[in-house]
1. Could you please give the count of residues in the range B:43-64 that are surrounded by 24 or more Cβ atoms within 10 Å (Cβ to Cβ) and among the β-branched types (Val, Ile, Thr)?
2. Just checking, which of A:Ile162, A:Ile189 is assigned to a strand (DSSP E or B), in the same structural domain as A:Gly67 (by TED's automatic domain parsing) and surrounded by 14 or more Cβ atoms within 10 Å (Cβ to Cβ)?
3. What is the number of the single condition among (1) part of a loop (DSSP other than H, G, I, E, B); (2) under 12 Å from the mean Cα position of the chain (by Cα) that B:Gly68 does not meet?
4. Looking only at the range B:108-141, which residues are away from chain A (no Cβ under 14 Å) and of a type outside the set (Asp, Glu)?
5. For residues in the range B:12-28 being more than 12 Å from chain A (Cβ to nearest Cβ) and within 14 Å of B:Val50 (Cβ to Cβ), which is farthest from the chain's Cα centre (by Cα)?
6. Is there any pair with a first residue in the range A:255-280 that is in the same structural domain as A:Thr234 (by TED's automatic domain parsing) and closer than 14 Å to A:Ala210 by Cα and a second that is of a type in the set (Ser, Thr, Tyr) and assigned to a helix (DSSP H, G or I) whose Cβ atoms are under 6 Å apart and which are 6 or more apart or on different chains, and what are they?
7. Quick check, is B:Ser59 at pLDDT 95 or above and in contact with a helix residue (DSSP H, G or I) (Cβ under 6 Å, 6 or more places away or on another chain)?
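The values are calculated or read from the model by the stated rules, or taken from the named source; none is laboratory data. These figures come from a predicted structure and were not determined experimentally. Cβ sites come from the backbone with ideal geometry, for glycine too, and all protein chains shown count toward neighbours.
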Amino acid sequence: MEYFNPGDLNEAYEILMKYGDAAIPVAGSTFFMGHREELFDEVDAVVNIKRLGLSYIRLEKGRLCIGATTTLAELHRTGLTAKGPFRIFAETVRELKIMEVRNAATIGGEVCIAGEVDMPTTLLAYDADIVIGSRNGTRTVSMSEFHKGYLKNALQTGEMVIEVQVPEPGRRTGGGFAKFERTAADLPIVNAAVRLTLGRGDRCSDARVAVGAATVSGIPQRADAAEKVLLDGTLDDERIRKAAAASNSIECVNDFRASAELRTLWVECAVEDAIRKALTHAGEEK
Amino acid sequence: MHPITLNINGEKHEVSVRPHWSLAYVIREKLGLTGTKTGCEMGTCGSCTVLLDGKPYFSCLRMAIDSGSYAITTIEGLDADGKLHPLQQAFIEEHGMQCGFCTPGMIIAAKALLDENPVPAELDIREAIGGHLCRCGTYMRIVKSIQKGARIARGN
C-alpha cells in the first residue's frame, strides 16, 4: 500500500488514473480507517486529498457550493447555514452527536458512502448536484442519480467527488430533518429530510420527502406518495399525518439494527417530525 | 514505511509508519503512551479520543501518516508541574469512573468542551461526550465530574 499527498488536483487525478480502482481518495479517513481490514487487500494507493484546496463553503450564483473536503463541523459552524434557506445542513449535522466524527468526516466522504449516513438524505431532498472531477475534466451528477446501490456510487475509474452544489430554494421554503438511532454513537436506523415551499394561501406548492438509512435499496429514496399528499394542499394536522402514513410506500430493510416493521413505523414518525419542522421554518422564511 | 514526526504533548517523536496505521496504534504501540485506550477501533466507543490542535478526534479513525502537522494532546499531556488538570482532579473527587477504561477519552473530550465553553450547561456536556461509551454506566457521575472540573478550572 502506497501513500500519496498530492499538492494539486491534476497530480491527484494522475495518481487516481494510474492506480484505477485500487486507489482510494482520503480526507477525514473515517470510512477508510473504519474499514481498513476489509480494504487492505483492495487498496494499493491511499491518496490524501486534503491539500487540493477543496475545503470551502460559498454562495455562487444562487447555489451553495461545498468543497469535497469540507468537514461536517465546518458545515455546522459557517454563517451560511446558521440561518436562512440552508439551515437544514447545520440541523442535519446537529443530529450527529459525535463531535469527533463531525471534526473528521467530510461532505465528499458522506456523499460517496451510499449507506447509513445522514447528509445524502438531506442532499436528495434539496435536489443537490455532485461535481465529479478526473483527468478528463468535470461532470455533474444529481444526488438522485449518484448512488447506485448499497456502498455503490456513480464514480468511474480515475474520478473523485470535488464539490457538492445545492440550489438556493425559492421563497417561503423550509427544511426539516429527523432521525432515529440506537445510541448517539451508532449509525442511523432511519433518517428523513423534508423540503416544503408554501404558495398562495399557505398551500404547499413544492415538496420533497427523502428517507434514508432504512431502505431495502440501501440508498436514500424519495417518498413520492408522501409528496403527492402534501402538494397543493393546506398543511393541517390531518394532511401531515396522511403524508407521513403514505411514506410507508418505502420498502424497509430488516437487519440487526431494527426489523423492517419497526423501521416502517419509524419512517412514518421521522417523516411527520421532519414535515412539522419544515413547515415551521417555511413559515418563518419571507 | 514512511518517516513522520508527531508532536505529542509538546514533544517531537520521530517514527516510521505505514499508511493504514492508526494514530491510536502508533501512540500506544510505537511510542508507549498507553493512557490513550483502544476499545472498538472503529469509531464507536470514544476511548481513543485525542486532541489535534485542540479539537477532539477518534485516534483509531485517524491515519498516523496524516497527523504530523498538528499539535496532539493525549491524557498524558494534561497535568502540569506535577499538578493534575482540574478535570482529572474532579473525576477523582466525584468518582467519575468505575473501571476507568473510558476515562481518558471522556476527560479529553471534556477538555475540548471546556476550552471552548468554560461554563457549559448540562446538555452541552452530554453532547460533548455523545460519542463516548461507558460500559460501567457511570454517565451521571461523569457529567457531575465535568461540571466540577469546570468549576475548579474557573477557580470556584
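1. Selection size over the range B:43-64: 2.
2. The unique qualifying residue is A:Ile162.
3. The single condition B:Gly68 does not satisfy is (2).
4. B:Pro118, B:Val119, B:Ala121, B:Cys136, B:Thr138, B:Met140, B:Arg141, listed by residue number.
5. B:His13
6. Listed pairs, sorted by first residue: A:Val267/A:Ser247; A:Glu268/A:Ser247; A:Val271/A:Ser247.
7. Against the criterion (at pLDDT 95 or above and in contact with a helix residue (DSSP H, G or I) (Cβ under 6 Å, 6 or more places away or on another chain)), B:Ser59 qualifies.
This table checks each residue for (1) touching a Pro at 6+ places or on another chain (Cβ under 8 Å); (2) under 19 Å from A:Met99 (Cα atoms); (3) not assigned by TED's automatic domain parsing to the domain that holds B:Gly137.
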{"site": "B:Ile8", "(1), (2), (3)": "no, no, yes"}
{"site": "B:Glu11", "(1), (2), (3)": "no, no, yes"}
{"site": "B:Ser47", "(1), (2), (3)": "yes, yes, yes"}
{"site": "B:Leu61", "(1), (2), (3)": "no, yes, yes"}
{"site": "B:Thr103", "(1), (2), (3)": "no, yes, no"}
